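Step one of this worksheet: look at the structure below.
The values are calculated or read from the model by the stated rules, or taken from the named source; none is laboratory data. Only a predicted model underlies this, so the values are computations on that prediction, with no experimental measurement involved. When we count neighbours, we look across all protein chains shown, and the Cβ atoms used for this are built from the backbone with ideal geometry, even at glycine. Accessible surface is based on the protein model in full, side chains and every heavy atom, while ligands, DNA and RNA are left aside. Shrake-Rupley method; radii C 1.70, N 1.55, O 1.52, S 1.80 Å.
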Amino acid sequence: MLSPALQRFKIERVEEYYKITDQIKEYAGSNPGKAMCDKLRPSSNPEWIRTSLDETDAALCRLIKNDRISFGANSDIRSTIKSAQIGQTLSGKELLAIARLLTLTDELSTYGEKENEDTPDDALTTYFDRLYPLPLLEREIKRCIISDDEIADDASSNLASIRKSFTIIGN
């Protein structure tokens, strides 16, 4: 059984931990980033701690050298991906969320590029190297989906034909 003083100490440490994660969360630029902050947990694993400190140091160095990159338009599209995988039709809103993520992927890929061949890798290089921008898909989504609830007339030849016939019938 813990003494009352030790119990208070443990409770204060936990409360302080949540104050710290709440402060970190304020700097997260997107809802998925804020959710990741909520999942942060202390670790006593020396290897994990070293890796995390190296990644934090590399991120700070990149921020000092480059402009800050915004994650604000990022949203969690995992449920949208699952819907697509089982053959469900995606809404304009879902497709635009995918397009925003593709735009961010392209920006991050560019952000992570080395200045020149002599630039050494840092603790974040492998993360940036895993990014695979899909600019053609991004452009096609943006061309076809005008807004959450509006699809471009020329999104497909069938749609263009149908809309053209409605115009002729309406006149």
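General observations
- Region 106-115 - phi-based ³J(HN,Hα) in whole Hz, Karplus 6.51/-1.76/1.60, Gly and Pro as x: 5, 5, 5, 4, 5, 4, x, 5, 6, 5
- Mean separation of Cα contacts under 8 Å (6+ apart) over length of region 34-135, as relative contact order %: 30 percent
- Under a 5 Å amide H cut-off, with hydrogens placed 1.01 Å from N, SER91 pairs with nothing among residues at least 5 apart or on other chains.
- In the context of the full set of protein chains, the chain has a per residue accessible area of 78 Å² (1.4 Å probe).
- Percent accessible area from carbon and sulfur atoms, the chain, protein chains only, probe 1.4 Å: 56 percent
- Dividing the summed helix terms, -39500 (n - 2.57) for each DSSP H run of n ≥ 4, by the number of residues in the chain produces a 222 nm estimate of -20000 deg cm²/dmol to the nearest 500.
- For the chain, the Cβ-based charge dipole about the Cα centre amounts to some 700 debye (Lys, Arg positive; Asp, Glu negative; other atoms uncharged).
- Of the GluC sites (Glu not before Pro) found in region 92-134, those that fall in a DSSP loop while having at most 13 other beta-carbon atoms within 10 Å are GLU113, GLU115, GLU117.
- Look at the Cα gyration tensor of region 11-62: its axes a ≥ b ≥ c give a/c of at least 1.5 with a/b at or below b/c, and that counts as oblate.
- Tilt relative to the chain, helix 46-65 - C-alpha long axis, 0 to 90 degrees, to 10: 60 degrees
- Cα-only Debye scattering, the chain: base-10 log of I(q)/I(0) at q = 0.15, 0.17 Å⁻¹: -1.04, -1.20
- Trypsin sites (Lys or Arg not before Pro) within region 61-141: DSSP coil, no more than 16 neighbouring Cβ in 10 Å: ARG68, LYS114, ARG130
- Projecting the Cα atoms of GLN85, ILE98, SER44 onto the charge dipole of the chain, computed from C-beta unit charges around the Cα centre, puts GLN85 farthest toward the positive end.
- Annotation: amide H-H contacts under 5 Å for ILE145 (H modelled 1.01 Å from N, sequence separation of 5 or more, or interchain): ALA152.
- The chain: most fluctuating residue of GLY29, GLY87, GLY72 per GNM, C-alpha cutoff 10 Å: GLY87
- C-alpha center-to-center spacing [region 14-46, region 64-89] in angstrom: 20 Å
- Applying a DSSP loop filter and a limit of 10 other Cβ atoms within 10 Å to the GluC sites (Glu not before Pro) in region 25-56 leaves GLU26.
- For ASP38, neighbours were defined as the other residues whose beta-carbon sits under 11 Å from its Cβ, and their charges (Lys and Arg +1, Asp and Glu -1) total +3.
- When the surface is traced with a 1.4 Å probe over the full set of protein chains, ILE64 keeps roughly 130 Å² accessible.
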